[in-house]
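To start, the structure under review is shown below, and the notes come after it.
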Ligand code: NA
Ligand code: NA
């Protein structure tokens with residue numbers, strides 16, 4: 001029998017449903033010969049999940065690219081602001097494309113990790129307290145919990161990214177460490193930031209965070225053929241389950257806002273345009289230049305994302 | 001608690017080495033203290049710039065996190081030197097002479113093995129974040145302002161390495177006391193009764209307040 | 001072997017080493033390390049060829065823990081709180097405080113003892129450490145009490161007990177540590193300690209007044225201070241009030257948004273005390289000593305933190321906390337009785353152990369069990385066993401165990417505060433202090449019973465903060 005330890009964090013939520021589903025499917029397909037023990041924070045701090053995989057402390061883990069860009073430069077392309085991803089299916093498609101790129105695989109191999117699947121998330125809109133911040137002027141000096149490329153986007157318009165971990169976000173908002181928190185809907189729910197909030201931006205859509213699930217290469221290779229087959233064949237099914245589950249959550253979202261008394265704020269198109277102009281192109285150019293300087297195919301990766309996204313949109 | 005026990009000195013080689021190591025440990029502990037002091041200014045500055053100038057400090061959390069290992073770990077050997085790390089000394093305080101040195105020696109040797117292992121583990125943790133083929137040698141960066149994390153990770157194996165030296169000296173000290181059957185060995189914290197310890201603590205406070213008069 | 005069995009063996013082994021006198025931090029770290037190796041090798045079916053592989057993985061897990069665990073912004077509270085206490089000596093806040101309390105409160109029966117209790121409570125607001133508080137006031141308050149004919153055992157008892165207030169009234173290093181271990185909001189816990197701390201002080205004071213009215217020679221009132229003298233005593237002690245107000249407003253502002261985080265509040269408070277100390281003549285030499293002392297206490301506490309967290313990491317792999325929680329909830333006993341048994345167990349353990357070590361070693365297992373007993377982390381007040389939400393239960397239990405830990409500072413045989421007081425005063429034996437502090441056991445037992453029976457005393461303030 002093979003038993004894998006899986007390190008995730010927080011508590012069970014929409015964001016971890018594919019991992020739970022994967023564990024369930026793999027166990028079913030192998031008649032309980034191959035089981036996964038999903039631990040929420042018991043095995044590692046989330047920012048050290050890649051270290052844990054590298055050491056062999058556990059066999060599978062989830063992490064987010066923006067926590068530590070230097071550990072995973074390649075996948076941070078998926079966190080660039082205003083890529084224009086419209087839904088979870090498109091997010092899944094662009095992530096798959098980047099994960100399949102040799103540069104991504106090679107960088108993860110340095111951590112003895114293999115990219116297994118993504119955790120597709122909708123656009124990270126912000127919640128805040130007090131008066132809604134609807135202009136770029138309002139965002140100057142705003143302390144926003146936003147990691148990675150999102151943080152850079154807000155920085156470009158004069159806000160100050162202040163990253164507490166997801167588990168501390170509620171506390172940070174309550175105590176005034178941050179004014180606003182950028183999260184996907186499920187996280188606003190499960191980390192309680194929606195309970196603190198007075199308003200939520202419905203259409204800011206600045207981008208999202210990319211959080212891969214990886215496996216330890218040695219552990220993966222030492223699986224029996226049947227076990228590996230069970231694992232590989234369950235990935236797409238787990239993601240389908242994740243998307244369906246997340247879809248339900250998004251359908252409930254407006255009701256949640258109403259129940260919690262949170263105002264749904266629409267940002268004016270000209271403000272959005274201004275935000276995009278200030279944040280998107282400079283962040284992209286800086287990222288590409290930075291990657292190319294480090295010998296990584298920055299332009300190629302960016303083009304791959306753009307092309308995959310266009311294909312996904314055309315296919316819909 | 002934080003009362004310091006007595007460490008005797010004489011002209012032996014062991015005691016000399018003890019006194020060579022002490023200033024290094026004191027320096028490390030002072031680094032901890034200065035880092036705490038700077039933390040006060042950093043937080044006060046961050047609050048002021050946010051409250052009164054509407055300009056929160058960029059990377060405040062990153063800098064604090066980077067400083068924490070210096071604050072928390074750098075002085076670890078200084079604290080071991082005079083036996084300030086707390087323990088339950090109900091049993092030990094009832095022991096005397098060779099039995100006592102035997103217990104102390106075993107205890108120090110086990111800590112030594114542990115810390116050697118942790119030094120290696122902490123070094124590996126540093127090493128995973130350090131790659132000089134890259135910009136600023138960085139293979140792990142902070143979340144908001146992207147500063148390299150390896151310097152902060154390097155603090156731990158360095159502090160532990162100093163602690164290894166200290167533990168070697170203490171093992172030597174207790175071993176010597178065990179073999180020679182010494183009553184008051186040098187270079188090891190002498191096991192005080194709680195009452196004696198309280199006395200020293202109170203004296204330290206007295207010195208503290210008198211010093212400002 | 002089942003991981004849980006390994007968990008039990010290793011935990012038992014750790015306790016043996018702690019009793020044998022190994023430094024608590026290293027005993028815990030070693031238990032964690034050995035446990036990780038054992039668990040991993042067990043997973044390899046004790047294959048001799050893979051023993052070193054098991055060791056290597058465990059060394060790396062254990063080795064990354066110190067850096068990983070101390071690199072948290074919230075932990076920066078602890079050194080700042082400790083530094084405030086050390087700087088307060090140089091700012092001469094202690095004597096000023098005692099003088100002010102004396103002029104304002106000493107006219108009641110048992111007046112000087114009551115003043116001492118309020119002065120220790122006030123000093124608690126700038127000090128995170130109980131033992132330091134007891135040592136300082138043994139020097140300031142006991143001589144004055146003896147001068148006007150107090151029973152010397154009683155005078156010593158007042159100081160030993162008053163010192164314990166420092167860990168409930170914020171700032172409190174031990175409450176921060178609790179908050180971190182159980183991953184709860186530090187600010188709310190600090191707030192929660194405020195009323196029970198003041199409440200304890202009032203219970204102490206009422207008991208002293210009662211005793212003084214019954215036995216006239218215990219503590220005569222001290223009268224004759226003019227209003228002018230009273231008001232003149234306030235300015236030198238006022239920085240303490242300022243620090244308290246600043247810290248409270250950073251955590252919870254009744255008139256609007258909190259000013260910031262507890263760490264920032266602590267830092268601004270420290271800055272005020274620092275300026276005060278400079279004004280009162282502190283120079284580089286003394287500052288250096290204060291910084292070294294701060295560093296020493298800080299490092300000592302952090303060593304326990306990362307040491308115990310290596311052990312906790314092992315527990316996570318062994319799944320022991322979950323198993324213990326399952327066991328506790330399966331008991332056929334009223335939850336409140338189980339809770340009382342847990343508190344009594346702490347009273348016994350605390351007779352022999354240091355407060356911080358005791359909490360750090362036990363909480364990783366006991367806390368999940370208590371939360372499960374109440375109905376889980378996310379339970380609503382209406383569905384819970386103790387009539388409070390999961391978050392409130394965490395706060396309530398935290399204040400209860402910290403109060404237990406403080407209680408243990410004055411109980412024989414190892415009531416550290418009593419040893420400290422006896423150590424400062426040549427004319428007092430430890431037995432004297434233990435005798436004098438006995439009435440305060442009753443006061444503390446009453447306080448704890450009231451905190452258990454009326455959780456509102458603890459939870460009112462944090463519930464205001466949302
Ligand atoms: Na206090
Ligand atoms: Na005790």
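Computed over chain C, the per-residue total of -39500 (n - 2.57) for DSSP H runs of n ≥ 4 gives a 222 nm mean residue ellipticity of -25500 deg cm²/dmol, rounded to 500.
Estimated from the Cβ-Cβ distance and a Förster radius of 51 angstrom, the FRET efficiency linking residue B:6 and residue C:4 is about 0.70.
For chain C, the longest principal axis of the alpha carbon atoms and the long axis of helix C:390-407 meet at an angle near 60°. With a simple spin-label model that places each label point 7 Å from the Cα along the Cα-to-Cβ direction, the separation between residue A:263 and residue A:105 comes to 5.1 nm. Given the C-alpha centroids of segment C:216-252 and segment A:163-185, what is the distance between them in whole angstrom? Going from one Cα centre to the other spans 39 Å.
A convex hull fitted to the Cα coordinates of segment C:5-108 yields 194 cubic angstrom per residue. Counting only alpha carbon atoms, the long axis of helix C:24-43 and the longest principal axis of chain C meet at about 20°.
If you line up the long axis of helix C:130-147 against the longest principal axis of chain C, both from Cα atoms, how many degrees apart are they, to the nearest 10? Once rounded, one gets 20 degrees.
Across peptide A:151-162, the mean count of Cβ atoms from other chains lying within 10 Å of each residue's own Cβ comes to 3. Measuring r between the beta carbons of residue C:223 and residue C:381 and using R0 = 56 Å, the FRET efficiency lands at 0.70. Using bins of 5 Å that start at zero, the share of Cα-Cα pairs per bin across segment C:137-213 amounts to 3, 15, 19, 18, 15, 11, 9, 6, 3, 1, in whole %. Taking only alpha carbon atoms, segment B:1-97 gives an Rg to Rh ratio of 1.19, where Rh is the Kirkwood radius.
Considering only Cα atoms, the convex hull volume of segment C:82-163 works out to 73 Å³ per residue. Using the alpha-carbon positions of chain C, Rg (one decimal) and Dmax (whole number) come out as 23.1, 84 Å.
Once the convex hull of all Cα atoms in chain A is built, its volume per residue stands at 126 Å³. Averaged over the residues of peptide A:177-184, the number of Cβ atoms from other protein chains lying within 10 Å of each residue's Cβ is 2.
Computed as a quarter of the hull surface, the mean projected area of the alpha carbon convex hull for chain B stands at 16.0 nm².
Only DSSP H runs of four or more residues enter the estimate; each adds -39500 (n - 2.57), and after division by the residues of chain A the mean residue ellipticity at 222 nm equals -15000 deg cm²/dmol.
What would the Debye equation give as log₁₀ I(q)/I(0) for segment A:22-84 at q = 0.20, 0.23, 0.29 Å⁻¹, counting only Cα atoms as equal point scatterers? Reported log10 I(q)/I(0), two decimals: -0.86, -0.95, -1.16. Counting only DSSP H runs of at least 4 residues, each contributing -39500 (n - 2.57), and dividing by the residue count of chain B, the helix-based mean residue ellipticity at 222 nm comes to -23500 deg cm²/dmol. Sorted ascending by nearby beta carbons within 10 Å, beginning with the fewest, C:104, A:9, C:460 become C:460, C:104, A:9. Dividing the Cα radius of gyration of segment A:163-296 by its Kirkwood radius returns 1.06 for Rg/Rh. Expressed as a fraction of 2.2 N^0.38 Å, the C-alpha radius of gyration for segment C:293-359 is 1.44. Would you mind telling me which residue in A:113, A:166, A:226 has the biggest mean-square fluctuation in a Gaussian network model of chain A, where springs connect alpha carbons within a distance under 10 angstrom? Judging by the Gaussian network model, the answer is A:226.
Take each residue in C:417-423, count the other chain C-beta atoms within 10 Å of its C-beta, and the mean is 6.
Coordinate-derived values only; no laboratory data. Note that the coordinates shown come from a computational prediction; the quantities given were computed from them, not determined experimentally. Don't worry about glycine lacking a Cβ; one is built from the backbone with ideal geometry, like all the others, and counts go over all protein chains shown.
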